[in-house]
Structures are given as structure tokens and as C-alpha cells.
Amino acid sequence: MQAIIQKANGAPEKAFEFKEVPKPAPGANEVLIKVDYSGLNFADVMARNGTYRDAPKMPFIPGYDVSGTVEAVGDVVRNFAPGDDVFAFTHFGGYAQYVVSPEMGVMKIPENVDKAASTALATQYSTAYYCEIG
């Protein structure tokens with residue numbers, strides 16, 4: 001599968017490259033998602049600039065959240081099935097054709113929400129919501 005790899009810090013044209021990487025397989029409590037949309041978050045920008053201390057060691061696949069379609073589920077996953085449209089927290093790994101996420105970080109997309117727009121529900125909306133009530 002294709003993924004965007006962060007190989008350096010700095011400007012996007014220096015920091016990223018497209019690369020063929022193995023397709024992940026879901027663990028027992030994970031959901032494999034075929035990615036349609038990846039979010040772009042402040043954490044991604046900070047990681048690219050080398051200022052996000054929780055960023056994985058390079059090289060890594062950036063991307064904190066995605067929306068897409070469930071392709072497979074782990075043995076103990078009960079709330080999702082192949083074909084479900086979902087959005088998910090990925091905590092990196094989202095800039096790829098496929099990503100796995102723990103079941104607890106995956107939500108079905110409400111019927112009245114556009115799949116592209118749902119990508120913003122995970123990190124961006126949650127950040128704004130909790131900043132407002134905090």
C-alpha cells in the first residue's frame with residue numbers, strides 16, 4: 001500500500017515522501033480501515049516541524065485521524081463490520097491507504113454527515129469542544 005512517510009523535519013517537500021509499505025492487519029481489538037480522507041491537525045504540523053514530543057521516531061507515517069470504510073475487524077471487535085463507514089483516531093498512521101485503530105477510537109459516520117466532513121469530528125471537533133467547556 002502507499003503511505004506518506006515523514007523522513008525529516010522541515011518544509012513538506014523535504015519532510016515527506018510517498019513509499020510502498022506493508023498493509024497492516026488488525027489485532028484482536030482493532031479495526032482495519034480503507035482510508036478515504038486523512039485529517040491535517042496541529043499535531044501533524046508540529047511533528048513535521050520537529051516540535052511535537054509525542055511524535056514517533058522517524059521515519060513514520062503521520063496522520064492523527066481518518067474517515068473511510070471498514071475492511072476487516074479483529075477477533076473481539078463486535079461494534080463494526082466490513083463495509084461500515086467510519087471515522088477514527090489513529091494517533092499517527094493516517095496518511096496511508098489503510099490504517100488500523102483500536103475499536104474504542106472508531107465511530108460510525110452518522111447518515112446525515114458527509115464522509116469528508118466526518119474526518120474533522122475526531123481531533124478537530126473534539127479539541128474545539130473540550131476547549132470551549134474547559
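The values are calculated or read from the model by the stated rules, or taken from the named source; none is laboratory data. It should be emphasised that the depicted structure is a prediction, and the values quoted were computed from it without experimental measurement. Quick reminder, even Gly has a Cβ in these numbers, built from the backbone with ideal geometry, and neighbours come from all protein chains shown. These accessible areas exclude ligands, DNA and RNA; they are computed on the full protein's heavy atoms, side chains included. Shrake-Rupley method; radii C 1.70, N 1.55, O 1.52, S 1.80 Å.
Evaluate the following for residue 54: is it assigned to a helix (DSSP H, G or I), at pLDDT below 95 and acidic (Asp, Glu)? Walk me through how you get there before you give the answer.
Working: assigned to a helix (DSSP H, G or I): no; at pLDDT below 95: yes; acidic (Asp, Glu): yes.
No.
Considering each residue of the stretch 71-93, count those that are buried (at least 17 other Cβ atoms within 10 Å of the Cβ), of a type in the set (A, V, I, L, M) and within 14 Å of residue 27 (Cα to Cα), and give that number.
3
Residue by residue, here is whether (1) open to solvent by 60 Å² or more (accessible area, probe 1.4 Å); (2) under 29 Å from residue 79 (Cα atoms); (3) in contact (Cβ under 8 Å) with a residue 24 or more places away in the chain; (4) small (Gly, Ala, Ser) holds:
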| position | (1), (2), (3), (4) |
| --- | --- |
| 2 | yes, yes, yes, no |
| 6 | no, no, yes, no |
| 14 | yes, no, no, no |
| 21 | no, yes, yes, no |
| 34 | yes, yes, yes, no |
| 49 | yes, no, yes, no |
| 52 | no, no, no, no |
| 55 | no, no, yes, yes |
| 58 | yes, no, yes, no |
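Scan the stretch 60-69 for residues that are surrounded by 22 or more Cβ atoms within 10 Å (Cβ to Cβ) and not in a loop (DSSP other than H, G, I, E, B) and jot them down.
Pass one, the stretch 60-69, residues surrounded by 22 or more Cβ atoms within 10 Å (Cβ to Cβ): 62-68.
Selection gives 65, 66, 67, 68.
Counting residues that are of a type in the set (A, V, I, L, M) and modelled with pLDDT of 95 or more, which strands (runs of 3 or more DSSP E) fully inside the stretch 1-43 reach at least 1?
On the way: elements: 2-6, 16-20, 30-38.
Fully inside the stretch 1-43 and qualifying: 2-6, 30-38.
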